[in-house]
Amino acid sequence: MTVYKCLLIYFVSLHLCITSLCVRTKYIARSDCPKGFFHLFNDTTKACVCFEDNTAYFGNNHRFGAENPQFDRLGCQRSCESHPECKYWTFSKPSEAGEEGLCYLKTKRGNMKYNLTDYVSGSKKCRLPEWQGQILLAIICNLYILQHLVLLIIHWVILEDPLLTARKL
C-alpha cells in the first residue's frame, strides 16, 4: 500500500469518526433517543440502537438499491453518510458470497417490516461493529506514514544537508 493510499484512508477514517457517533448502542434513562438512534420493536430494555438486523424500511427512497449496489452493510451505511439527503438505509443482503447486495438510501425511517432475514437497516450516523477494523487500519497506516516521514527526515539531514556533506569531506 502506498503512502498516499494510507494518507487517504487515514484522513477519511478520522473525518468520519470525528463527525459521527463512534458507538453502536447507548443506554439512556429518558424515553427518547439521540438523533439517529431509536428503540427496537418490542424491546423492553429501552436500549437506543442505530441499526436493526432482519428489518427493512420501505418507501421514502432517496436512491433505489439497483442504483447503489454495495458488498456489505458497512458500504451501504457509508453510502448513506456521503449523501446529504440520506438519513437511513436498508441493505438487501446478496444471495451468494462475493456478490453485491442492494443498498436503498432513505430520507426517513418508516414502514418497517420485521423478521426479514435478507435485510438490515440503520441510520446514517451508525457505527457498525465492522467499523472497528477501519479504525485499526487507519492507525496502522498512520504508523506506516510516520515511519516513512522519519526516514525521509533522516535522509535529508544526513545525506542532503550541505553542512554535513562539507564536514564529511
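The values are calculated or read from the model by the stated rules, or taken from the named source; none is laboratory data. Just so we're clear, the structure is a prediction, and the values are computed from it rather than from any experiment. For neighbour counting, all protein chains shown are included, and Cβ atoms are generated from backbone atoms with ideal geometry for every residue, glycine included.
The table that follows gives values for the structure above.
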item: Segment 107-121 - residue that is of a type outside the set (Asp, Glu) and part of a loop (DSSP other than H, G, I, E, B) and, of those, nearest to PHE41 (Cα to Cα); result: ASN115
item: Filter result (among the hydroxyl-bearing types (Ser, Thr, Tyr) and part of a strand (DSSP E or B)) within segment 36-63; result: THR55, TYR57
item: Sole residue being surrounded by 18 or more Cβ atoms within 10 Å (Cβ to Cβ), within 18 Å of ASN61 (Cα to Cα) and over 10 Å from the mean Cα position of the chain (by Cα), chosen from LYS87, LYS108, LYS124, LYS113; result: LYS87
item: Any hit, segment 14-25, residues being among the basic types (Lys, Arg), at pLDDT below 95, within 16 Å of the chain's Cα centre (by Cα) and surrounded by 11 or more Cβ atoms within 10 Å (Cβ to Cβ); result: yes
item: Among residues of segment 54-84, those that are within 17 Å of the chain's Cα centre (by Cα) and surrounded by fewer than 19 Cβ atoms within 10 Å (Cβ to Cβ), counted; result: 9
item: Breaking point among (1) modelled with pLDDT under 85; (2) not assigned by TED's automatic domain parsing to the domain that holds GLN147, for LYS87; result: (1)
